[in-house]
Amino acid sequence: GAESARRPGVTVDSSKAKTSLEALKISLRQLRWKEFPFGRRLPCDIYWHGVSFHDNNIFSGQVNKFPGMTETVRKITLSRAMRTMRDLFPLEYNFYPRSWILPEELPLFVAEVRMLKDSNPSWKPTFIVKPDGGCQGDGIYLIKDPSDIRLTGSIQIRPAVVQEYICKPLLVDKLKFDIRLYVLLKSLEPLEIYIAKDGLSRFCTEPYQEPTLKNLHQVFMHLTNYSLNIHSGNFIHSDSANTGSKRTFSSILCRLSSRGADVKKLWSDIISLVIKTIIALTPELKVYYQSDIPAGKPGPTCFQILGFDILLMKDLKPVLLEVNANPSMRIEHEQELSPGVFENVPSPVDEKVKVAVIRDTLRLIDPQKKKKKDAQCLLYPGIADRKLQLKPVKIQVKYGMKDKQHKHHSLKLSLKLKFYLKLGLCQGSEQAPGAGEEPPDTALGPEAALPSLCLKQVFPKYARHFSYLRLVDRVAALFIRFLGVKGTTKLGPTGFRTFIRNCKLSNSNFSMAAVDILYIDITRRWNSMGIDHKESGMCLQAFVEAFFCLAQKKYKALPLHKQVLSLIEFCECRLAALHGKRLVWGCG
Ligand code: ADP
């Protein structure tokens with residue numbers, strides 16, 4: 001208490017928190033941070049938004065949303081990003097169901113399904129059609145054959161994703177369920193990802209049967225959305241974490257473990273799914289980020305809690321259904337007291353999971369801890385990547401020096417020594433079980449009373465297993481470099497030409513006229529199917545497609561990921577050489 005009284009409190013603007021307000025308030029009370037429910041004239045340390053980065057105009061501090069996240073995780077954009085990654089790394093990205101974008105890929109969908117059926121006559125698939133930008137199961141339906149797509153009406157105006165339906169999900173109590181896991185994207189550059197150790201499992205309310213023409217329309221059997229199943233007479237509200245229609249994920253894990261399932265392997269598969277998915281999303285996010293918060297200009301830093309919806313297959317393989325930019329953080333639910341009379345009642349299961357996620361997110365982004373860490377990094381840069389070897393015994397401080405210079409020197413050394421010793425203690429606590437978590441700072445009053453962090457760092461902790469997948473990130477870096485005027489997300493024809501020229505990609509076989517044709521062809525196609533018509537020019541995905549084309553042309557015999565890697569290295573080399581030349585000319 002005395003410690004926290006001495007510290008000026010962290011200030012949080014909660015005026016735009018919307019439905020996450022209750023959980024946020026509880027978290028702030030636990031941390032004893034200062035809430036500004038109606039906003040504040042002076043800047044706050046943290047802005048908590050319910051919907052988007054743009055809810056407030058902010059120029060400093062930290063905000064809990066990234067610009068462009070909602071657009072990046074929309075069903076169509078996510079499907080495209082996953083397909084790009086699957087084209088590069090088919091084995092690594094097989095956790096996302098095969099998907100097609102409607103209406104433009106309808107012919108492809110029909111042709112591929114026919115081909116797959118011809119090659120495997122016993123394959124009797126079901127597909128799920130999901131409108132883009134939809135949520136809570138809105139407009140979703142199942143079909144057995146591509147010809148069943150309802151092309152009339154909405155599909156032309158409202159594009160959709162059609163996806164292979166997972167017919168054999170894992171059942172608990174004969175019911176289908178999915179998992180909502182909370183993932184914290186703490187930073188984009190450098191990439192930092194945390195996963196909450198507990199999540200929610202949302203249950204269907206009709207016993208599951210594999211899809212047949214007769215049961216396809218039974219939403220309470222096939223769709224796990226809480227917002228749908230709550231309307232079923234079978235929905236069970238429960239205050240206990242391991243019964244009812246909404247339970248904690250940990251209670252499911254306990255149950256699976258008691259059945260002899262390999263829960264450790266399941267967790268490691270889930271971690272890998274989450275990291276790979278975020279790696280697929282980061283290129284697009286970086287384009288939005290530089291456009292909204294140009295480097296060198298004042299702006300907030302961002303973090304975001306994402307909701308991952310995951311389905312477990314019978315063999316315990318996790319499958320990604322979707323990523324939510326604004327997962328519900330509500331901790332109460334509506335209850336019908338008498339016909340037509342509703343009341344909000346607390347939901348202990350939601351509160352247990354969601355308050356911990358919000359509170360621990362705040363603990364991880366605590367600006368006061370960050371200031372302390374930054375100060376340490378300034379003095380001893382090795383601390384940041386934890387390469388610094390602490391060897392305080394090697395420091396020898398000589399006492400009894402008379403002259404001014406030596407006095408100063410010995411004082412500096414003794415300060416260093418104190419600093420090393422303090423760090424030594426810190427390092428010790430990092431070796432404790434649950435490594436990868438930030439150690440609680442014992443100097444912080446309220447922290448001492450809090451449980452250990454529910455968020456586990458998975459990146460950069462496991463970076464060495466996944467970094468080879470970050471190819472599109474490097475393509476995006478090239479794209480951003482040639483965007484030119486800040487504030488745009490699309491590349492104009494001149495920018496594309498400059499990219500080709502600077503990287504020396506044009507030659508007698510690939511003239512500048514051919515470059516222009518490539519630009520026009522790909523850009524026109526992407527813009528005709530795009531959702532974003534605000535800007536003209538080549539979007540990142542179109543650039544990625546053009547880049548893959550160039551890579552395939554240049555490095556013929558290699559697999560795609562090697563072709564792309566070779567072209568990235570070629571371009572990076574050319575640009576570094578050009579940059580070097582410019583520096584020399586600049587000096588000359
Ligand atoms: P929404 O954003 O509308 O909730 P989702 O993609 O989460 O859309 O799908 C809604 C529900 O449909 C999921 O919670 C899940 O129960 C079911 N579902 C979605 N995709 C599949 C799939 N490929 N296979 C099996 N079930 C699925």
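Every number in this text was worked out from the coordinates using simple rules, so none of it is lab data. It should be emphasised that the depicted structure is a prediction, and the values quoted were computed from it without experimental measurement. As a convention, Cβ positions derive from the backbone with ideal geometry for all residues, glycine included, and neighbour counts pool all protein chains shown.
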Margin query: Quick query: amide H of MET313 versus all other amide H atoms, modeled in the peptide plane; which residues come in under 5 Å with a sequence gap of 5 or more or a different chain?
Written below: LEU170, VAL319
Check: Whole-Hz Karplus ³J(HN,Hα) for segment 470-479, in order, using 6.51 cos²θ - 1.76 cosθ + 1.60 and θ = phi - 60°, x for Gly and Pro?
Finding: 8, 6, 5, 4, 6, 5, 5, 4, 5, 4
Checklist line | ³J(HN,Hα) computed for each position of segment 195-204 - Karplus, 6.51 cos²θ - 1.76 cosθ + 1.60, integer Hz, glycine/proline x | finding: 10, 6, 6, 10, x, 10, 10, 10, 9, 5
Item checked: Protection-proxy order for peptides 59-69, 36-46, each taking the mean of Cβ atoms within 10 Å per residue, highest first -> 59-69, 36-46
Next item on the list: Please report CYS302, CYS503 as a ranked list, fewest other C-beta atoms within 10 angstrom at the top and most at the bottom.
Entry: CYS503, CYS302
Item checked: Cα-Cα P(r), segment 470-585, percent of pairs per 5 Å interval -> 2, 11, 22, 24, 22, 12, 6, 2, 0
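Net charge near HIS54: determine it from the other residues with C-beta under 13 Å of the C-beta of HIS54, scoring Lys and Arg +1 and Asp and Glu -1.
Values: positive: LYS16, LYS65; negative: ASP55, GLU71, ASP292.
Computed value for this residue: -1.
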Item checked: Protection-proxy order for peptides 219-231, 362-374, each taking the mean of Cβ atoms within 10 Å per residue, highest first -> 219-231, 362-374
Item checked: Under-5 Å amide H pairs with VAL10, H placed in peptide plane, nonlocal only -> LYS34
Checklist line | Derived scalar couplings ³J(HN,Hα) [segment 105-116; Karplus, 6.51 cos²θ - 1.76 cosθ + 1.60; whole Hz; x for Gly, Pro] | finding: 9, 4, x, 5, 4, 4, 5, 5, 5, 4, 5, 5
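Using the Cα centre as the reference, give the magnitude of the dipole from point charges on the C-beta atoms of segment 11-65 (Lys, Arg: +1; Asp, Glu: -1; all else neutral), rounded to the nearest 20 debye.
It comes to approximately 120 debye.
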Check: What's the FRET efficiency of ARG497 with HIS231 using the Cβ-Cβ distance as r and R₀ = 35 Å, to the nearest 0.05?
Finding: 0.05
Next item on the list: Can you figure out the FRET efficiency of GLN335 with ARG255, using R₀ = 30 Å and their beta-carbon distance, to the nearest 0.05?
Entry: 0.65
Item checked: Two-site FRET efficiency, ALA449 against HIS217, from Cβ-Cβ distance with R₀ of 60 Å, rounded to 0.05 -> 0.70
Notebook entry, point to check: What residues have an amide H closer than 5 Å to that of ARG98, excluding those fewer than 5 places away on the same chain, when H is modeled at 1.01 Å from N in the peptide plane?
Noted result: GLU164
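Just subtract the alpha-carbon distance of LEU108 and SER147 from 0.36 nm times their residue separation and send over the number in nm, one decimal.
Separation in residues times 0.36 nm, less the Cα-Cα distance, equals 12.8 nm.
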Margin query: Eigenvalues of the Cα gyration tensor times 5, then square-rooted: what semi-axes does that give for segment 71-367, in whole angstrom, largest first?
Written below: 29, 27, 20
Notebook entry, point to check: If we count every other residue with Cβ under 11 angstrom of SER506's Cβ, Lys/Arg +1 and Asp/Glu -1, where does the sum land?
Noted result: +2
Next item on the list: With only Lys, Arg, Asp and Glu charged, each at its Cβ (+1 for the first two, -1 for the last two), find how big the charge dipole of segment 470-585 is about the Cα centre; round to the nearest 20 debye.
Entry: 320
Margin query: Please report Rg (one decimal) and Dmax (integer) in Å for the Cα set of segment 236-282.
Written below: 14.1, 39
Notebook entry, point to check: Can you give the net charge of the other residues whose Cβ lies under 12 Å from the Cβ of LEU42, counting K and R as +1 and D and E as -1?
Noted result: +1
Notebook entry, point to check: LYS553 to THR19: extension gain in nm, 0.36 nm per residue of separation minus the Cα-Cα distance?
Noted result: 187.1 nm
Note to self: Treating only the Cα positions of segment 1-97 as identical point scatterers, give the base-10 log of I(q)/I(0) from the Debye formula at each q in 0.17 Å⁻¹.
What the structure shows: -0.79
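So between ALA375 and CYS135, what do we pick up on full extension, going 0.36 nm a residue minus the alpha carbon distance?
Working: separation 240, 0.36 × 240 = 86.40 nm, distance 4.37 nm.
Here the segment from ALA375 to CYS135 would lengthen by 82.0 nm.
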